[in-house]
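The values are calculated or read from the model by the stated rules, or taken from the named source; none is laboratory data. Since the structure is predicted, the reported quantities are computational estimates derived from the model, not experimental observations. Note that each Cβ is placed from the backbone with ideal geometry, even for glycine, and that neighbours are counted across all protein chains shown.
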Amino acid sequence: MTYGIRSLGRLWRYDRGLLLAYGLVAAFLLVFVVAPLMRVAFEPTVADWRQVFSTPRWRSASLNTLTMLVLSTGSSLLVGTLYAYAVTRARVPGAGFFGVVPLFLLLTPPFVAGLAFILLLGRRGLVTYQLLGLETSIYGWHGLWLAQTLSFFPVAYLVLRGSFAAIDPGLEQAARGLGASRAQVLRTVTLPLATPGLLAAALFIAIGILGDFGNPMLVGGRFQVLATAVYTQLSGWASFGTSAALGLLLLAPAVLLFAAQQWVQGATRERFATVGGRGSSLPTPTVSPWLRWGLFAFCVLVTLFVVASHGVVLMGAFTHLWGVDFQPTLEHVAYVLGQFGGLGNSLRFAAAAALLCTAVAAVAAYLVQRAKVPLRRGLDLATLLPAAIPGTLMGVAFVLAFNNPSFKLTGTASIIVIAMSVSYLPVGYRICAAAMDQLKPSLDESAANLGASKLRVLTTITAPLVRQALAAAFVFCFVRSVGTLSTVIFLVSFDTPLASVAILNLADQGRWGRAAALASALVAVTMLSIGLLYLVTGRSLKPLAESAHAGA
Amino acid sequence: MPAPEAGRGAAHVRLVGLRKAFGAAVAVDDFSLDIGRGTFTTLLGPSGSGKTTVLRMLAGFVEPDAGSVIIDGVDQTGRPPNLRGTGMVFQDYALFPHMNVRANVEYGLRMQRFDKGARRERVERALELLGLGGLAGRFPHELSGGQQQRVALGRVIVLEPQVLLMDEPLSNLDAKLRVRLRAELKSLQRQLGITTVYVTHDQEEALSLSDQVVVIDKGRAQQVGAPEAIYRRPANRFVAEFVGQANLLPVVANADARGAGPAGAGGTAPRSQAPEDRASTEAAVWATAAGRRLLVRLPDERRPGAGAAGTALARPEHVRLAHRDEADAASEDRSWRCRAKVVSRGFFGAYSRYWLELDGVPDLWLADVPLPELGGEETSAFEPGASVTVRLNAGAACWLW
C-alpha cells in the first residue's frame, strides 16, 4: 500500500500525463461500472425481496431462466465446438466457406434469429402454416431454445476455432505415434487442450443468455424469463425495487461462472503456455472419413439453417403481409427510408461507443500490462467486471444511477453510448491486453531510455504496434453495439430512437414486414460500415477473427 | 577484495551500496563502484550473477532497495529512465518494428523535443558515423543482425548520452561478426570519449574491450581491476576459474617464505608478460608443491605465513610440456616440475590443448602448446597415454586466496 502511494507520487512528479490517463480511466470505471452496481445492489428493500421470492410468477421465471441457461449454453457450445472442429481440425470440404458463415451471424443482431423464427415457424410461419398447414407455433421454451442456439453458437465457434488452431499438430501426431487411436487423441489431447477455450466460451454465452432480452420477448411467448420480467416490471410498473431485485437474481449465476472461469484460466495459464502462439507447419492429422463426412453434413445443415433464417427476414422485408398476403411490395422499404433517424442513431452511437470502448480498453490494458501502475489488480478487475453483468441488470443499474435530478443522464445520447461501451469493455480489454502481452518489454524500456514518458510510449510505440488489436476491439464493439438491446432498451427516449429497439417494438406489434425491413437495413448498413472501415484502413477481415482470442 | 582502481578520469558514475532483492532472491548485494569519465567498464559474470540488474538500476528500470546511483554528482534515486540521460543498447536491440532506420534514430530526439533542423543534422551525422547512410529508409526486419546492432547503437549515441549502457549487445551475432563489431565498438567509444558500461558473460569480450573489468558473482563484485590484473592476479578462485582457464595446485608456503625476492629474478620470464604489467616486480613467495620448490607470485599486499597451506594458479599457456627423458636432461634450471600423464588432446588451430593428470595433484590440468612455426606437428605432439614432464617457470604460478 505504501509502495502504491509512493509510486503514485513518482507518477505525479515525473509522468503527469500517464497519471491523468490513469485517473480518467479509473474515474470512468468507478462512475459507470462500480457505482451503478452498488446503486442497484442496495435498491431493493426487504419487502421487495420478499415479494420477489413469494410471487409464483417470478419463481417460475427464475426456474425458466435457469433451464434456458443450461439448455441453450449446452447446445450453443455443442454446435459451436463441432462446427469449429469440423472447420479447423477435420478439414471438411469447403472449410473456408463454412468458416465464414458464423462470422456473418456475428455481424447480425441476436434478435434477428428470433424474428426469423417467427417468420419461418410462427403461427403464420412459412414452414408451419404455409407448407404444413399447422396452426401450432414455436412460441415457448423450445422456440426460444432454438433461437438462442442459433444466436450464440457463433460465439462458441469463434473462441474454439482460436483454441483449436492454437493446438500444435505435433502434439496430436506425437500421441498417434505413441499408439493412440484417433478417438483417443481427440479425447486425451485435443479436447483437454481446448478446455480453457470451452470455459471462456461457456462464460460468454451463459452471461449473454442470462441477460438477453430480445429473443425471449419475441419468441418466448408465455414462457417468461427474468430478463423480460425485469423489463415489464420497470417499464410497465416503474417498480425500481422489484426490478432491481429480479435483475440481481441474474447476477448470482453470472458471478459464479465468472469466478469459475477466472480460476480455471489462472490455473491453466502456466500449464498450457506451450500451446499458443507458435505457428506450426505440420499438417493437422486426418480424421476418419465417417467423422469427416458426418461433420460435413452437419455444417451443411447449420449453413442452410442460417441462410434460411436470414433469407426469410430479407424476404419478409419485401412481402406485403406475412402469412396472409405474400404480394411483393416496397412499402416496408419506403417505411425504412422514413426511419433514418433510428438507423443513423444506431450507427452513430455504436461508432462513438466503439471509439470510447477501444480507448478505455487500450489505456487500461497498457496501465495494467505495461506501465505496471499501482493498484493494477483492482483496475484489472473493474475492467473485466461488466463481463459478469447480464445486460438487463446493467440497464436497471444505469437507470437507477443516472436518473436522479442532480446527475441526470437518462434519455441522453451519452448514456446510451456509455452503456454500449461498458458492455463490451471486457472483450475490448482482453483483445488489447493479449496483443500487448506479445510485445517485448525491451521495446517499452528502450523508448523510455530514449526519453519518452510512459504516456508517449503508449502513443508512439505500444498503440501503433497493437493497431490490429485496436481495430479488432473497435469492430467487435461496433457490431455488437449496433445490435444490442438488453441494456439500451431501458435508456432510449423519444429523442434518441434506436433501430434495434424499434425492430423489437414493430415485431411486438405484429408488423413483421416493417420489422424485417428495418432489421435487413440494419444488417446491411452495419456490413457496409465495416466494409468502408476496411477500405479506409486497408486491412483484411483479420481483426474480427482476432477477437476470437479474447476469451481464450 | 582489493579497492577499486582509479579510472582514466575523475569518477563520473558512482554506484554506492546498491542492493536489490526479487522476493527472497537477492540479485545484487552491497555493490559499490566508481566509473571514471570516458572509460570503458565491463560488468562480467555468469548468468544470474546480478550484472544485468546493476545495469538496469543504472538505467532506472529497476529501483534499488538500498544504495544510490550517482551520475555527475547527482543522485538519480527515484528518477524515471526517461530523465536519466543514460543511453542503453539492448541485447535484442529493441528496434521499433513500425519505424524505419531514420525514424528509429530520430525517435529519441523527437521525444526530447529537438527542433526539426537539429534533428535532421544529428541523424545524418549518426547515420554517417555508423555507415548506415544507405539504409535510412529500411525497416528493421529488412536489416541483417549487424546492421540492426548498428541502428540500436546509432539510436542511442545520436542523443549524446552522459553514459552509454550496453547489455550483451553482441551476443546475438555470429562469432566472426562479433569480433569485428567488437573492434568497431571500441574505436567508436574512444572516438566519442563516452563513459561506457558494458555487460557480458564473455570473458574474451570483457578483457579485450575494457579499461576496467568488474567480475560479479552472486550479486557481489568479486574483483575490480584492469583486464591484465584480473587475468594475472585474480582475487579469488571464482575469478580465476571464470576468467580464463585455471590449473589449480595445492601448495605450502616455505619457512623462508618472507625472504623471497621478485618473481622474475631467477627463472625465465613468462611468454605473455605485458611490458606495463607490474608482475615482474611484484612480491613472490617460495612454496612447495608435489615435493618440489616453486616460486609463487602474490597478487596483493597479503602475505601467507610460513607453513601456510594454499592453492596456486597456473594458466594453461604457462604450462610447459616435455617428454620424460628430455626434461630430465635439462634439469639444472630452477623451474618446478612434475610427472604427468596425457589424458587427451584437442586441436584448437593456434594451439593444441592437453588434458593432464599430474602426480600428487587432484585436479585435471590443461596445457596449451602453440603450433610450431616449422612443420612436423606429428613430432611435437604428445599422444594420449604418454608420460610427460610438466614444467612451470619461476613466477608462472600465482597465489590464490
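Could you list all residues from segment A:211-266 that are farther than 22 Å from residue A:386 by Cα, in a helix (DSSP H, G or I) and small (Gly, Ala, Ser)?
Residues satisfying the conditions are A:235, A:236.
How many of the residues making up segment B:141-163 are under 21 Å from residue B:120 (Cβ atoms) and more than 30 Å from the chain's Cα centre (by Cα)?
0
Would you confirm, using the coordinates I've provided, whether residue B:95 is assigned to a helix (DSSP H, G or I) and touching a residue at least 60 places away in the same chain (Cβ under 8 Å)?
For residue B:95, the condition - assigned to a helix (DSSP H, G or I) and touching a residue at least 60 places away in the same chain (Cβ under 8 Å) - is not met.
Anything in segment B:135-152 that is of a type outside the set (D, E, K, R), surrounded by 12 or more Cβ atoms within 10 Å (Cβ to Cβ) and under 17 Å from residue B:173 (Cα atoms)? List them, or say none.
Result: B:140, B:143, B:145, B:146, B:147, B:148, B:149, B:151, B:152.
Does residue B:54 satisfy the criteria of being of a type in the set (Val, Ile, Thr) and out of contact with any Pro (no Cβ under 9 Å at 6 or more places or on another chain)?
Yes.
Table: residues versus (1) in contact with a Leu (Cβ under 9 Å, 6 or more places away or on another chain); (2) of a type in the set (Lys, Arg).
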site: B:67; (1), (2): yes, no
site: B:71; (1), (2): yes, no
site: B:75; (1), (2): no, no
site: B:95; (1), (2): yes, no
site: B:116; (1), (2): no, yes
site: B:127; (1), (2): yes, no
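Out of all the residues in segment A:472-510, which are at pLDDT 85 or above, among the aliphatic types (A, V, I, L, M) and closer than 18 Å to residue A:426 by Cβ?
The answer is A:473, A:475, A:479, A:488.
Only one of these conditions is not met by residue B:202: (1) among the acidic types (Asp, Glu); (2) within 14 Å of another protein chain (Cβ to nearest Cβ); (3) closer than 26 Å to residue B:241 by Cβ. Which number is it?
Unmet for residue B:202, out of (1) among the acidic types (Asp, Glu); (2) within 14 Å of another protein chain (Cβ to nearest Cβ); (3) closer than 26 Å to residue B:241 by Cβ: (2).
State whether the residues of segment A:499-515 include one that is among the aromatic types (Phe, Trp, Tyr), part of a helix (DSSP H, G or I), more than 23 Å from residue A:347 (Cβ to Cβ) and more than 14 Å from chain B (Cβ to nearest Cβ). It would help to see each step written out before you state the result.
Let us first name the residues in segment A:499-515 that are among the aromatic types (Phe, Trp, Tyr), namely A:512.
Checking which are part of a helix (DSSP H, G or I) leaves us with A:512.
Narrowing the set further to residues that are more than 23 Å from residue A:347 (Cβ to Cβ) leaves A:512.
Among the residues that remain, those that are also more than 14 Å from chain B (Cβ to nearest Cβ) are: A:512.
Looking for residues that are among the aromatic types (Phe, Trp, Tyr), part of a helix (DSSP H, G or I), more than 23 Å from residue A:347 (Cβ to Cβ) and more than 14 Å from chain B (Cβ to nearest Cβ), one finds at least one in segment A:499-515, hence yes.
Could you grab me the full set of residues in segment B:107-129 that are at the interface with chain A (Cβ under 10 Å from one of its Cβ atoms), outside any loop (DSSP other than H, G, I, E, B) and in contact (Cβ under 8 Å) with a residue 12 or more places away in the chain?
Residues satisfying the conditions are B:107, B:108, B:109, B:111.
I'd like to know if segment B:71-80 contains one or more residues that are in contact (Cβ under 8 Å) with a residue 40 or more places away in the chain and either away from chain A (no Cβ under 13 Å) or in a strand (DSSP E or B) (or both).
yes
Would you confirm whether any residue within segment B:294-317 is farther than 16 Å from residue B:399 by Cα and modelled with pLDDT of 80 or more? Outline the logic, then answer.
From segment B:294-317, those farther than 16 Å from residue B:399 by Cα are B:317; that's our starting set.
When the remaining residues are screened for being modelled with pLDDT of 80 or more, the result is B:317.
The answer is yes, given that some residue of segment B:294-317 is farther than 16 Å from residue B:399 by Cα and modelled with pLDDT of 80 or more.
What's the total number of residues in segment A:320-338 that are assigned to a strand (DSSP E or B) and either of a type in the set (Phe, Trp, Tyr) or within 31 Å of the chain's Cα centre (by Cα) (or both)?
So the count comes out to 1.
Can you name the residue in segment A:240-276 that is of a type in the set (S, T, N, Q) and modelled with pLDDT of 80 or more and is also nearest to the chain's Cα centre (by Cα) among such residues?
Here the answer is A:243.
Does residue B:20 qualify as being surrounded by 15 or more Cβ atoms within 10 Å (Cβ to Cβ) and more than 22 Å from residue B:189 (Cβ to Cβ)?
Yes: the conditions hold for residue B:20.
Go through segment B:85-103 and count every residue that is more than 8 Å from chain A (Cβ to nearest Cβ) and more than 19 Å from residue B:184 (Cβ to Cβ).
5
I'd like to check something: does segment A:470-493 contain any residue that is within 14 Å of chain B (Cβ to nearest Cβ) and assigned to a helix (DSSP H, G or I)?
The answer is yes; a qualifying residue exists.
Among the residues that make up segment A:418-431, is at least one of them surrounded by fewer than 21 Cβ atoms within 10 Å (Cβ to Cβ) and aliphatic (A, V, I, L, M)? Break it down stepwise before answering.
Residues of segment A:418-431 that are surrounded by fewer than 21 Cβ atoms within 10 Å (Cβ to Cβ), as a first pass: none.
No - not one qualifying residue is present in segment A:418-431.
When you scan segment A:428-458, how many residues do you find that are of a type outside the set (Gly, Ala, Ser), in a helix (DSSP H, G or I) and away from every other protein chain (no Cβ under 11 Å)? Write out each step before concluding.
First, pick out the residues of segment A:428-458 that are of a type outside the set (Gly, Ala, Ser): A:429-432, A:436-441, A:443-445, A:449-450, A:454-458.
With the extra rule that they be in a helix (DSSP H, G or I), the set shrinks to A:429-432, A:436-437, A:441, A:443-445, A:449, A:454-458.
Applying the additional criterion that residues be away from every other protein chain (no Cβ under 11 Å) yields A:429-432, A:436-437, A:458.
Residues in segment A:428-458 being of a type outside the set (Gly, Ala, Ser), in a helix (DSSP H, G or I) and away from every other protein chain (no Cβ under 11 Å): 7 in total.
Residue B:132 fails exactly one of the following numbered conditions: (1) surrounded by fewer than 16 Cβ atoms within 10 Å (Cβ to Cβ); (2) more than 10 Å from chain A (Cβ to nearest Cβ); (3) over 30 Å from residue B:239 (Cβ atoms). What is the number of that condition?
(1)
Checking residue B:279 against (1) assigned to a loop (DSSP other than H, G, I, E, B); (2) of a type in the set (Gly, Ala, Ser); (3) modelled with pLDDT under 75, only one condition comes out false. Which one?
(1)
Have a look at A:392, A:383, A:412 and point out the one that is within 29 Å of residue A:259 (Cβ to Cβ) and either in contact with an Asp or Glu (Cβ under 9 Å, 6 or more places away or on another chain) or within 14 Å of chain B (Cβ to nearest Cβ) (or both).
A:392
Spot the failing condition for residue B:170; the list is (1) without any contact (Cβ under 8 Å) to a residue 12 or more places away in the chain; (2) assigned to a loop (DSSP other than H, G, I, E, B), and only one is missed.
Checking residue B:170 against (1) without any contact (Cβ under 8 Å) to a residue 12 or more places away in the chain; (2) assigned to a loop (DSSP other than H, G, I, E, B), the one that fails is (1).
Tell me, please, whether a residue that is in a loop (DSSP other than H, G, I, E, B) and within 14 Å of chain A (Cβ to nearest Cβ) can be found in segment B:36-56.
no
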